[in-house]
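The values are calculated or read from the model by the stated rules, or taken from the named source; none is laboratory data. Just so it is clear, the structure is predicted and the values come from calculations on it, not from any experiment. Cβ sites come from the backbone with ideal geometry, for glycine too, and all protein chains shown count toward neighbours. Accessible surface is based on the protein model in full, side chains and every heavy atom, while ligands, DNA and RNA are left aside. Shrake-Rupley method; radii C 1.70, N 1.55, O 1.52, S 1.80 Å.
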Amino acid sequence: MRQARTPIRIIAALSISAVLAAVGVVATESSVSAHGSSMAPASRIYNCRFLTPENEVCKQAWAANTQALYDWNGIRIGTAAGQHESIIPDGKLCSAGNEQYATFDTASDKWPVTNLTPASDGKYELKWDNSAPHATLYYRVYITKPGFDVKAAPLKWSDLELVHQSGQTASEAFTVLRMNLPNRATHSMIYMIWQRSDSPEAFYSCNDVTVNASGQPTPTPTTVPAAPTTTVPAAPTTTVPSGPTTTVPGAGVQFALTKTDEWGSGRNFAATVKNATGAAASAWTVTLPWTSPVEPWDASATAADGKVSFSNVAWNGSIASGGSTAFGFTDRGLGFTDLGYATPNPSTCSATLNGVVVSCSIVSSSTPTPTPTTTTPPTTTTTAPTTTTTTTPTTPATVNRTIKVTSDWGTGYCADVTVSTTSQTAVTWTVKVPITKGKVTSVWEANYKIVGTTMTAQGTPLNAVVKAGAPKTFGFCAG
């Protein structure tokens, strides 16, 4: 929860020793965690973080505040309690009045635009990624009124009309909202609010769209029923018995995997499933050898026996013959990157389409070796003799850590941890944090390992060092 303002706050401060090291990297101070954002249509920040970082205004966003992009799911107000219009001023809706995200309020027609088309029943599907799920009071969906000019001025409340409000739901990792939307042929905006029911906290999302009411996908419904009757029965008879492993490696599922992102104790992957069977499919699974925990989006995941199986979710099960669908996941590794964790680089896979086993081939797999291990040592080795000789042997610097609980729902909680020092020389920090409820479910802006009820945390390359007047922050959730 980034910059939370929830009613429950616990502050504790402890001092522990850290080893002095002079590091020539001065990173932006990291902020705190986050909960969610719209992923379909992709919000401005989701687009710039994951999909279109090379877009003109996305480049400007990265230059304005790199940390904001890493905290892509943190546009929030901890004390909103439904009072959105009274606490978010006009012109600051996309940032929710949070200065860290101010660049996303920029009025421009250069933001990436998603064209929305309805399903066969005429309804549109919007999807929200709850990276830390909580119970929902409602989702509200607004769209800009006809005549809205996206480049004239930042978004105002008077630009919007309410088109949908959901009811209460239990916590879930992804939420799909189905609704009617008015046609918008020119660059418009959808504004979404997720109001939690177990807290006054709310999250906000700006999405650039056109809405094409004439774009009903009629080919898919007609092709899917016909394909199983004519084509699918023939394929197993000829292909499967003759040797799926050797004879027709590309005739089933072709799977592509690329690592898109890496930080401290985690990394993100983009995956593509291509249907090469010659017949449409309505459901798919892909299984890979993978030993560490994963957190998927646009897929569900089940892990067992050193493997993980990814399956479609409600909105991406159908793949036309020759077509593809995409999903992604975060790999959390095993904690600290210096434990020698090697990211899996699978060379084999297995798959099913419509519940039938088909051949699976990996057509692309890119998992570069972790960079922190090779980057950090040269920095420390080169500069440490100058500083360490005079300071470390006699007076190790003291690092203070302050814990602030930002959200507490009874069985679990989230907290921000601020690390500081009075030392004028850069200190590479390590802190221990007691876990008071349940087990740690997520950690951001830190590498970590857990023994019993204690988490030991170290900084990432972005926030690894502190010195007087320049604290660093990380956070976690447990429950």
**OP:** Determine if region 150-162 includes at least one residue that is under 15 Å from His187 (Cα atoms), of a type outside the set (S, T, N, Q) and open to solvent by 60 Å² or more (accessible area, probe 1.4 Å).
**Re:** yes
**OP:** Need at least 2 residues that are closer than 21 Å to Gly78 by Cβ, touching a Gly at 6+ places or on another chain (Cβ under 9 Å) and of a type in the set (Val, Ile, Thr) per element, so show me which strands (runs of 3 or more DSSP E) inside region 399-471 make the cut, counting only ones lying wholly within it.
**Re:** 440-444
Original post:
Would region 127-138 turn up any residue that is polar (S, T, N, Q), open to solvent by 70 Å² or more (accessible area, probe 1.4 Å) and closer than 15 Å to Ser197 by Cβ?
Top reply: no
Original post:
Would a scan of region 85-99 turn up a residue that is of a type in the set (Lys, Arg), open to solvent by less than 60 Å² (accessible area, probe 1.4 Å) and either closer than 25 Å to Ser407 by Cβ or outside any loop (DSSP other than H, G, I, E, B) (or both)?
Top reply: no
Original post:
Are there any pairs with C-beta distances below 6 angstrom linking a residue in region 296-312 that is at positive phi and without any contact (Cβ under 8 Å) to a residue 24 or more places away in the chain to a residue that is open to solvent by less than 30 Å² (accessible area, probe 1.4 Å) and in a strand (DSSP E or B), with the two at least 6 apart or on different chains, and if so which?
Top reply: none
Original post:
What number of residues within region 25-67 satisfy the criterion of being buried (at least 22 other Cβ atoms within 10 Å of the Cβ), over 30 Å from Ala119 (Cβ atoms) and modelled with pLDDT of 90 or more?
Top reply: 1
**OP:** Please determine, by comparing only the residues of region 174-199 that are open to solvent by less than 50 Å² (accessible area, probe 1.4 Å) and assigned to a loop (DSSP other than H, G, I, E, B), which one is farthest from Ser407 (Cα to Cα).
**Re:** Pro182
**OP:** Select, from Gly459, Gly469, Gly438, Gly479, the only residue that is among the small types (Gly, Ala, Ser) and without any contact (Cβ under 8 Å) to a residue 24 or more places away in the chain.
**Re:** Gly469
**OP:** Name the one entry in Thr302, Thr382, Thr369 that is surrounded by fewer than 18 Cβ atoms within 10 Å (Cβ to Cβ) and at pLDDT 55 or above.
**Re:** Thr302
